[in-house]
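S.K.: Would you mind keeping the following structure in view while I ask a few things?
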Amino acid sequence: MKNLILKLEKENRLCKEEWMCLIEGRTPELAAFLFERARETRYAHYGKDVYIRGLIEFTNYCRNDCYYCGIRKSNTCLSRYRLTEEDILSCCSNGYELGFRTFVLQGGEDGWFTRERMTALIRRIHAEFPDCAITLSIGEREKDEYQEYFDAGANRFLLRHETANEAHYRHLHPVELSLQHRKECLWDLRHIGYQVGSGIMVGSPGQTAEHLVEDLLFLQELQPHMVGIGPFIPHKDTPFKDEKAGTLELTLFLLGLVRLMLPKVLMPATTALSTIHPDGRKMGILEGANVVMPNLSPQENRKLYSLYDNKRCMGDEAAEGLALLRAEMEEIGYTIVSARGDALLDTEQEG
Ligand code: SAM
């Protein structure tokens, strides 16, 4: 089994059977070996640097009804909000003062933010903060719309594929949504020139080891610049309220595997990971992640951007708690840096 990890480290790819063998046959000893190799690889490309992204959750309105998500349109228990352009710009100013050089605009698929409004917003952020990267995480759109946002100044886009298996995708989403369209969006974004992030929830209801292998093979093909991997956590007002959360153990194992498959990838230690375990973020960084995304949204809105139960959004998960985060990273020998932290491209990823 260690041979497979060494092969992955050397060739950055495995076949279906080999991935399966690693995931199904994993042991604590194998995981320790994987993490050691993943740490080495991360160190070779990024040293001990940890990049920060300021997360602005600008709307919790969503036209979609994903069964796992707390902001799905059928959740009538949730108060809805959307930030104004001024609110969003003021989040960026706060973030800039604190040292953030990437702003991540994340939200549900909210029709109020029309193409015109989004374009105007991106132009304004780009004009006022020209040295910052703008990351969008606003779901599925048409290619020309993505192009317009790119031309207006957006540089990066996060769109998790959620699962690469058709049947599993159906289990997680209503019929209006399709895996094929989600994948097309990812390819469109790549072709336009965005730095693209994809990813999955670990332990989402119905997920099997075979599904995870399909996810890894899809990521191997897509060669994204960023990968978001966090545990699924149930939300009390969704159809999946009684399902179990994904585990820390499997999430960390996958972070390690992805680091070896995509050595230069930007990978966050997610808020969901620190929600299921108080040391989740530190462990994520130690086992292969190199990004954290503290919350820059106005404090009164953070709890309302409620994707899952007990989301952490204060203290070291908050932008204003950066000193705590810095200390926490220093404890494990890592350093928060203010740089934009663009993806390190290699020939294959540029293609
Ligand atoms: N609407 C955009 C989209 O579809 O990409 C961005 C917002 S969406 C809420 C961001 C991510 O939250 C999703 O890609 C999903 O993986 C994650 N998420 C939603 N519900 C979750 C849950 N219950 N547990 C963990 N992660 C969840």
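The values are calculated or read from the model by the stated rules, or taken from the named source; none is laboratory data. As the structure is a prediction and not an experimental result, all values here were calculated from the model. Glycine also receives a Cβ, built like all others from the backbone with ideal geometry; neighbour counts cover every protein chain displayed. Note: accessible area is taken over every heavy atom of the protein model, side chains too, but ligands, DNA and RNA are not part of it. Shrake-Rupley method; radii C 1.70, N 1.55, O 1.52, S 1.80 Å.
S.K.: For region 140-161, what are the residues that are near the ligand (Cβ under 10 Å from one of its atoms) and either open to solvent by 30 Å² or more (accessible area, probe 1.4 Å) or in contact with a strand residue (DSSP E or B) (Cβ under 6 Å, 6 or more places away or on another chain) (or both)?
M.R.: Phe157, Leu158, Arg160, His161
S.K.: Would you say Thr76 is hydroxyl-bearing (Ser, Thr, Tyr) and open to solvent by less than 10 Å² (accessible area, probe 1.4 Å)?
M.R.: no
S.K.: Go over the candidates Glu24, Glu57, Glu17, Glu29 one by one and state the one that is modelled with pLDDT of 95 or more and more than 27 Å from Lys244 (Cβ to Cβ).
M.R.: Testing whether each residue is modelled with pLDDT of 95 or more and more than 27 Å from Lys244 (Cβ to Cβ) leaves just Glu17.
S.K.: Quick one: which residue in Ala319, Ala269 is touching a strand residue (DSSP E or B) at 6+ places or on another chain (Cβ under 8 Å) and within 24 Å of Phe33 (Cα to Cα)? It would help to see each step written out before you state the result.
M.R.: Working: Ala319 fails: within 24 Å of Phe33 (Cα to Cα).
Being touching a strand residue (DSSP E or B) at 6+ places or on another chain (Cβ under 8 Å) and within 24 Å of Phe33 (Cα to Cα) holds for just one of Ala319, Ala269, which is Ala269.
S.K.: Moving on. Mind checking which residues of region 319-343 are aliphatic (A, V, I, L, M) and in contact with a helix residue (DSSP H, G or I) (Cβ under 8 Å, 6 or more places away or on another chain)?
M.R.: Selection gives Ala319, Leu322, Leu324, Leu325, Met329, Ile332, Ile336, Ala343.
S.K.: Still on this structure, I have one more. Yes or no: Leu248 more than 14 Å from the ligand (Cβ to nearest atom) and not acidic (Asp, Glu)?
M.R.: In short, no.
S.K.: Of the residues Ile122, Ile134, which is touching a residue at least 24 places away in the same chain (Cβ under 8 Å), surrounded by 20 or more Cβ atoms within 10 Å (Cβ to Cβ) and over 19 Å from the mean Cα position of the chain (by Cα)?
M.R.: Going through Ile122, Ile134 in turn, just one is touching a residue at least 24 places away in the same chain (Cβ under 8 Å), surrounded by 20 or more Cβ atoms within 10 Å (Cβ to Cβ) and over 19 Å from the mean Cα position of the chain (by Cα): Ile122.
S.K.: Anything in region 219-240 that is more than 8 Å from the ligand (Cβ to nearest atom) and within 16 Å of the chain's Cα centre (by Cα)? List them, or say none.
M.R.: If the condition is that a residue be more than 8 Å from the ligand (Cβ to nearest atom) and within 16 Å of the chain's Cα centre (by Cα), then Leu219, Leu222, Gln223, Pro224, His225, Met226, Val227, Ile229 are the ones that fit.
The rows are residues; the columns are (1) farther than 16 Å from Ile56 by Cα; (2) within 14 Å of the ligand (Cβ to nearest atom); (3) among the small types (Gly, Ala, Ser).
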residue: Thr275; (1), (2), (3): yes, yes, no
residue: Pro278; (1), (2), (3): yes, no, no
residue: Gly284; (1), (2), (3): yes, no, yes
residue: Ala289; (1), (2), (3): yes, no, yes
residue: Leu296; (1), (2), (3): no, no, no
residue: Gln299; (1), (2), (3): no, no, no
residue: Tyr305; (1), (2), (3): no, yes, no
residue: Arg312; (1), (2), (3): no, yes, no
residue: Glu320; (1), (2), (3): no, no, no
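S.K.: Does region 295-327 hold any residues that are assigned to a loop (DSSP other than H, G, I, E, B) and modelled with pLDDT of 90 or more, and which are they?
M.R.: Scanning region 295-327 gives Leu296, Ser297, Pro298, Lys303, Leu304, Tyr305, Ser306, Leu307, Tyr308, Asp309, Asn310, Lys311.
S.K.: Still on this structure: Would you say Glu243 is charged (D, E, K, R) and away from the ligand (no atom under 14 Å from the Cβ)? So that I can check it myself, show each step before the final result.
M.R.: Details: charged (D, E, K, R): yes; away from the ligand (no atom under 14 Å from the Cβ): no.
The answer is no for Glu243.
S.K.: Out of all the residues in region 184-218, which are out of contact with any Lys or Arg (no Cβ under 9 Å at 6 or more places or on another chain), within 13 Å of the ligand (Cβ to nearest atom) and either free of Cβ contacts under 8 Å to residues at least 60 places away in the same chain or open to solvent by 40 Å² or more (accessible area, probe 1.4 Å) (or both)?
M.R.: Within region 184-218, Leu186, Val202, Gln207, Asp215 qualify.
This table checks each residue for (1) surrounded by fewer than 24 Cβ atoms within 10 Å (Cβ to Cβ); (2) within 27 Å of Leu136 (Cβ to Cβ); (3) among the aromatic types (Phe, Trp, Tyr).
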{"site": "Asp242", "(1), (2), (3)": "yes, no, no"}
{"site": "Glu249", "(1), (2), (3)": "yes, no, no"}
{"site": "Leu260", "(1), (2), (3)": "no, no, no"}
{"site": "Thr271", "(1), (2), (3)": "yes, yes, no"}
{"site": "Pro278", "(1), (2), (3)": "yes, no, no"}
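S.K.: Residue by residue through region 128-150, note down the ones that are part of a loop (DSSP other than H, G, I, E, B) and of a type in the set (Gly, Ala, Ser).
M.R.: Residue satisfying the conditions is Gly139 alone.
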